[in-house]
Amino acid sequence: MNALNPSVTVAPRAAATVHPTHQFKLLLKREFWEHKGGFLWAPLIAGGISLLLSLMAIIVGLVAARRAAAAGELQIDGVNVNGLDLAQLTGAMGPEEMVHFAQGIDLTLFLSSVWPFIVLAFVAFFYCLGTLYDERKDRSVLFWKSLPLSDAQTVLSKVASIAIVAPVLAVIAAIATLIGFMIMISVVVMLHGGNPMTLIWGPASPLTLVGGMLAWIPVYALWALPTIGWLMFCSVWARSKPFLWAIMIPLFAGIFVSWFDLMRGFNLESDWFWSNVVGRLLLGTVPGMDLIYREGFSESTGNRGAEGIMEGLSAANQLASLAQPGIWIGVVVGAAFIFAACSRTSSMVPTM
């Protein structure tokens, strides 16, 4: 009824239909806010700890260098250096030495920024393993099952959160750590008579590292899919202790295959099963595992040291992983596990 004219009846307004894309966006926001500590703060804190430890190492190194200079033990080409003047120390370097110096800076930048990715490995593993199981345990599954959302939307939002959102945030934290480290060593260089633009920013290749990190995001999303699918399937399937089920089934399968040498029937060694089945199911969420599996990368790294590592981390080489058949076979396997997890959620009930 109309408040001004009681005789007039007002038709109820139809509820607006929520677009599926908007629903999925809301689900992603829900996952982020519920796991903000692991997705956002953990990588940032890890980057901060890396910077703190780097600062402590720099201070210790400077103290040791000053003592060596004061004692006359700091030499360049057999000439004693009485003070810690970085311009003098680096001015005597030849072209080849400067190349190695630049490679050393790049490798140091990478090592300083790798901490957020180490944290990502643990966050991704335990998120996948516990996300659906914990919702049964705390009965929050009853809430989202009451919403106009499909089980597939809910599961896929969790897959997208850990395969895309979490790596993006880890890359942002790594880039922030890299920039922070470059600023920190630039200040040190300025305080000791050097020019940061010629000694740090010029020789270093931060844009190459950043480009490699950004190109790594889709590679990680695809490479981690079999592990994500397997852990989520165990999370929804196991009635208790999903960690033990997820770990022990692949391990016992590997032991069984090795014990009876079953891979001989396929003209393969047991190591193949451990690497391509057990390893892909359990270690896919570890950043950089695709480099280990990449053909020729280990030989290149071993033969060329820092140069090989930096070349392998470039954007072109990161995207080269997409040409490997193994990554797409893993995508199919991961998609099958995710489909099984979606099917299982339809009969999911809270645990007691």
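Here I183, I162, I200 are screened, and the one residue that is assigned to a helix (DSSP H, G or I), surrounded by fewer than 21 Cβ atoms within 10 Å (Cβ to Cβ) and on the phi < 0 side of the Ramachandran plot is I183.
When we screen P206, P250, P287, P242 for residues that are at negative phi, touching a helix residue (DSSP H, G or I) at 6+ places or on another chain (Cβ under 9 Å) and at pLDDT 95 or above, the only hit is P250. Taking into account only those residues within segment 186-197 that are part of a helix (DSSP H, G or I) and touching a residue at least 40 places away in the same chain (Cβ under 8 Å), which is surrounded by the fewest Cβ atoms within 10 Å (Cβ to Cβ)? So the residue we want is V188.
Scanning segment 186-218 for residues that are more than 29 Å from the chain's Cα centre (by Cα) and not hydrophobic (A, V, I, L, M, F, W, C) gives H192, G193, G194, N195, P196, T198.
When W223, W259 are checked against the criterion of being surrounded by fewer than 18 Cβ atoms within 10 Å (Cβ to Cβ) and hydrophobic (A, V, I, L, M, F, W, C), a single residue qualifies: W259.
The values are calculated or read from the model by the stated rules, or taken from the named source; none is laboratory data. Being a predicted model, the structure only gives us computed values, none of them experimental. Backbone-built Cβ (ideal geometry, glycine too); neighbour counts: all protein chains shown.
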